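Before any comments, here is the structure.
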Amino acid sequence: MSVIFAKSKGLTDQETHYCPGCTHGIIQRLVAEVLEELGLLGDTIGCAAVGCSILTYNYLNIDMIESAHGRAPAVATGAKRVHPNKTVFTYQGDGDLASIGTAEIVHVAHRGEKITTIFVNNAIYGMTGGQMAPTTLPGQKVTTAPGGRDVAHSGMPLKVSEMIAQIPGAVYVERVSVHNPRAVRHAKKAIRKGFEYQMAGKGFSLIEVLSTCPTGWGLSPVDSLTWLQENMIPYYPLGVFKTPEEAK
Amino acid sequence: MPKSLMKGNEALALAAIKGGCSHFFGYPITPQNEIPEFLARELPKAGGVFLQAESELAAINMVYGAAATGGRAMTSSSSPGIALMQEGMSSLAAAELPSVIVNVQRGGPGIGTIQPSQADYYQMTRGGGNGDYRILSFAPATVQEGAEMMMAAFDLADFYRTPVFIVSDGMLGQMMEPVEFPERPLRTLPEKSWAAVGHGGSRKPNTIKTLVLDPGLLEQKNLRLQEKFTRIAATESRFENYRTDEAELVLCAYGSTARIVKNSIDLLAEEGIKAGLIRPQTLWPFPSSAFQQLPPTCRTILTVEMSCGQMVDDVRLAVNGRLPVAFYGRSGGIIPVPEEIVAHIKVLLGRV
Amino acid sequence: MAELKGRVRIATNVCKGCGLCTVACPVDIMVFNGNSVNLKGYQPPTITEPAKCTGCGNCAQMCPDSALTVERFTSKKEDPACLKA
Ligand SMILES: Cc1ncc(C[n+]2csc(CCOP(=O)(O)OP(=O)(O)O)c2C)c(N)n1
Ligand code: SF4
Ligand code: SF4
């Protein structure tokens, strides 16, 4: 007999505040599992961002720093420059990373900061109640674009992985999803690689994870998975955008 | 140790290294550039890290990250850059992270000018950040005093777990004066057992945070912070008295302006007019007690600033209506000359 | 009786009744039948035919609240049948 799945030691006993079926819970768990498997729980400094994931520091069994909205990459830079041998990561939503924090994410990559960023793209501002994000899809109805995102008015959604991959200091960029068990298993591998490249001192890595926001989207958790698959993946193709070999 | 001739900005930078700075993060802005330039060259030699950030917003948040993990971090900037850093100042104060921030003030509002100014008194004492917080602010008037305040700043920041401001201005930053760097007094500092450095599997995780959703808990935290601010106010407020004995007029000025005002006072003395100066060395806590000990001869108070009148608010609060408080100031980067202050005083005292 | 391949257990009171496990299960044994309500007021799924569990772990992979524990009794590393998404 073997235990195929049990709750990771990287997670605390605190129950999360996430809405039922929100895949933030899956992504955060994958981070915990990877850090546990790599034996890094005691040597990691995490930087939480402002958004639904702000309370990750209550759920992950590691030392963490809460960062102001969008600034997690700068906070992580400060931490990594004090502790070059510790593992440092940011966990950021799309409002946080792709809107208010664009300068910080571009420059953390630009400096080739040896940190890992987990970028949770749910195409909406979850925490503040479902407003438009830079990643909101064309026509997607959100509270600040009640008729759906009008691209003539607000532009086309930002493709963060494609953008960051262009930056020389970024060594590993991959977009993954968590809409079914196979995708989840693959997402975990990508997150693991992100941390391994950091440990190997390669440079900056970003793993964009397509995620659901059932509450903001106004869909059931199960329907949200389908919506992600049918609407997000065509616009945000999954795959590797940069590898350390290409970065050379 | 012999004195060496140094620019105010460079002396501050060297004093930072001697005060135990381990990390500097900053963004270029005149008139403070000599600080990052000096540290880019010298801090790595002393085993520290210099990093140019992409903005003041990033710089202050790098300071936040470094301080949260136990580093002795600082940044320096000038007025518009400090305005951008106010979000971070609020976070540093809320998370109680020891750090040092230098403001070499220039004229505003807006982009203003690169010439000297003291129009950031509100920024330094009221802050632009949200919430109830106070930041210990030192205001040197000479290159030597700046060096000494800076050398003590990191220890004080660690001691109280607080950010510390060094408030300079474009004039003090650019002028050259002889300066020496005596050994800094040893201070027993608390261990940073709160820092987020990785728990090593041997303790509960540490969290550095400012979010407190429960109103009751946030109020408790605020009251605890206020208790700390009261403690700092009671211990750290500092000022200098200059020729206040038997003065009929007491002036109040800080930093570069205080030096000019001293010249005005000497000029007035030659004409038999007795004036003195109270020079705040800390802006917050403001040395209100200095105004409890005014000479009985004093009839009026005059505050002089390189601004349109900011510190004068605190002087009025300290004097509390007991005497008239007047104001004289120049702004926009104009440095007042002693003679114009003298002329103003004569009109004020009816001695024309 | 056929040999048991796997076993899934629910920490009932951790569950938020989201249903992500129900669509992940390749043998459809995680079912909402409205039979139970937990302390938080959510309805956790019922494991209708526990003997059918293949021990693939799909349900647990999808659970955002880490409410599920899965054991496998077969030695095969990964049952291909269970990897269908
Ligand atoms: C400076 C500042 N501006 C605005 C906010 C309000 N705010 C909190 S969370 C958030 C958006 C978060 O959205 P996202 O990053 O997409 O994360 P999600 O909640 O969707 O996971 C905003 C705008 C804030 N906390 N700070
Ligand atoms: S609002 Fe959206 S992103 Fe936030 S916890 Fe709920 S479902 Fe998740
Ligand atoms: S996935 Fe988890 S939380 Fe959701 S219904 Fe299944 S057991 Fe409950």
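Per-structure values
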item	result
Helices (runs of 4 or more DSSP H) (entirely within the range A:1-84) containing at least 1 residues that are within 8 Å of chain B (Cβ to nearest Cβ) and within 16 Å of ligand 2 (Cβ to nearest atom)	A:56-59
Sole residue being surrounded by fewer than 23 Cβ atoms within 10 Å (Cβ to Cβ), within 16 Å of the chain's Cα centre (by Cα) and more than 8 Å from chain B (Cβ to nearest Cβ), chosen from A:T102, A:T90, A:T116	A:T102
Every residue from the range A:108-127 that is within 14 Å of ligand 2 (Cβ to nearest atom) and small (G, A, S)	A:A123, A:G126
Subset of the range A:198-222 that is polar (S, T, N, Q) and within 22 Å of A:G148 (Cβ to Cβ) - its residue that is nearest to ligand 1 (Cβ to nearest atom)	A:S211
Selection count, the range B:224-234, where residues are under 16 Å from the mean Cα position of the chain (by Cα) and among the hydroxyl-bearing types (S, T, Y)	0
Whichever residue in the range C:11-29 is surrounded by 15 or more Cβ atoms within 10 Å (Cβ to Cβ) and away from chain A (no Cβ under 12 Å) and, among such residues, is farthest from ligand 2 (Cβ to nearest atom)	C:V27
Index of the failed condition, B:I232 passing every other in (1) part of a helix (DSSP H, G or I); (2) open to solvent by 50 Å² or more (accessible area, probe 1.4 Å); (3) more than 16 Å from B:L302 (Cα to Cα)	(2)
The range B:245-259 residues that are free of Cβ contacts under 8 Å to residues at least 60 places away in the same chain, paired with ones that are part of a loop (DSSP other than H, G, I, E, B) and among the basic types (K, R) (beta carbon under 9 Å, 6 or more apart)	B:D245/B:K274; B:E246/B:K274; B:A247/B:K274
Subset of the range B:181-204 [more than 14 Å from chain A (Cβ to nearest Cβ) and surrounded by fewer than 13 Cβ atoms within 10 Å (Cβ to Cβ)]	B:P182, B:E183, B:P185, B:L186, B:R187, B:T188, B:P190, B:E191
Verdict on C:T69 being modelled with pLDDT of 95 or more and in a helix (DSSP H, G or I)	no
Residue count, the range A:174-201 (criterion: under 18 Å from A:K80 (Cβ atoms) and among the small types (G, A, S))	3
Of the criteria (1) open to solvent by 60 Å² or more (accessible area, probe 1.4 Å); (2) more than 26 Å from B:L156 (Cα to Cα); (3) assigned to a helix (DSSP H, G or I), which one B:D245 fails	(3)
Residue satisfying all of: in the range A:179-202; outside any helix (DSSP H, G or I) and buried (at least 16 other Cβ atoms within 10 Å of the Cβ); nearest to the other protein chains (Cβ to nearest Cβ) among these	A:N180
Residue in the range A:161-171 that is within 14 Å of chain B (Cβ to nearest Cβ), in contact (Cβ under 8 Å) with a residue 24 or more places away in the chain and away from ligand 2 (no atom under 16 Å from the Cβ) present	yes
Single unsatisfied condition, A:S211 versus (1) out of contact with any His (no Cβ under 7 Å at 6 or more places or on another chain); (2) within 16 Å of ligand 2 (Cβ to nearest atom)	(1)
Residue count, the range B:54-78 (criterion: crowded, with 24+ Cβ neighbours inside 10 Å and either outside the structural domain of B:E191 (by TED's automatic domain parsing) or among the small types (G, A, S) (or both))	11
The range C:50-65 - residue that is assigned to a loop (DSSP other than H, G, I, E, B) and more than 13 Å from C:I29 (Cα to Cα) and, of those, farthest from ligand 1 (Cβ to nearest atom)	C:C63
Qualifying residues in the range A:205-221 (those that are within 19 Å of A:G239 (Cβ to Cβ) and within 14 Å of another protein chain (Cβ to nearest Cβ)) - the one nearest to ligand 3 (Cβ to nearest atom)	A:S211
Unmet criterion (only one of (1) away from ligand 2 (no atom under 14 Å from the Cβ); (2) in a strand (DSSP E or B); (3) hydrophobic (A, V, I, L, M, F, W, C)) for A:I105	(2)
Residue under evaluation A:A74, criteria (1) touching an Asp or Glu at 6+ places or on another chain (Cβ under 7 Å); (2) open to solvent by 10 Å² or more (accessible area, probe 1.4 Å), criterion not met	(2)
Out of B:A119, B:A95, sole residue that is of a type outside the set (S, T, N, Q) and in contact with a Lys or Arg (Cβ under 8 Å, 6 or more places away or on another chain)	B:A95
Test: residue in the range C:15-33 that is out of contact with any strand residue (DSSP E or B) (no Cβ under 7 Å at 6 or more places or on another chain), within 13 Å of ligand 3 (Cβ to nearest atom) and modelled with pLDDT under 95	yes
Lone qualifier among B:L43, B:L5 - being crowded, with 16+ Cβ neighbours inside 10 Å, touching a strand residue (DSSP E or B) at 6+ places or on another chain (Cβ under 6 Å) and of a type in the set (A, V, I, L, M)	B:L43
Test result for B:G146, at negative phi, assigned to a loop (DSSP other than H, G, I, E, B), assigned by TED's automatic domain parsing to the domain that holds B:N222 and in contact (Cβ under 8 Å) with a residue 12 or more places away in the chain	no
Of the criteria (1) more than 14 Å from chain C (Cβ to nearest Cβ); (2) more than 16 Å from ligand 1 (Cβ to nearest atom); (3) open to solvent by 40 Å² or more (accessible area, probe 1.4 Å), which one A:T143 fails	(2)
Members of the range A:1-54 that are among the aliphatic types (A, V, I, L, M), farther than 17 Å from B:H199 by Cα, within 16 Å of ligand 3 (Cβ to nearest atom) and surrounded by 18 or more Cβ atoms within 10 Å (Cβ to Cβ)	A:I4, A:I26, A:I27, A:L30
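Conditions tested, residue by residue: (1) more than 11 Å from chain A (Cβ to nearest Cβ); (2) in contact (Cβ under 8 Å) with a residue 12 or more places away in the chain; (3) in contact with a Pro (Cβ under 6 Å, 6 or more places away or on another chain); (4) not polar (S, T, N, Q).
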residue: B:A58; (1), (2), (3), (4): no, yes, no, yes
residue: B:G65; (1), (2), (3), (4): no, no, no, yes
residue: B:G70; (1), (2), (3), (4): no, yes, no, yes
residue: B:S76; (1), (2), (3), (4): yes, yes, no, no
residue: B:P80; (1), (2), (3), (4): yes, yes, no, yes
residue: B:L84; (1), (2), (3), (4): yes, yes, no, yes
residue: B:L92; (1), (2), (3), (4): no, yes, yes, yes
residue: B:A95; (1), (2), (3), (4): no, yes, no, yes
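The values are calculated or read from the model by the stated rules, or taken from the named source; none is laboratory data. Just so it is clear, the structure is predicted and the values come from calculations on it, not from any experiment. Methodologically, a virtual Cβ is constructed for each residue, glycine included, from the backbone with ideal geometry; neighbour enumeration extends over all protein chains shown. These accessible areas exclude ligands, DNA and RNA; they are computed on the full protein's heavy atoms, side chains included. Shrake-Rupley method; radii C 1.70, N 1.55, O 1.52, S 1.80 Å.
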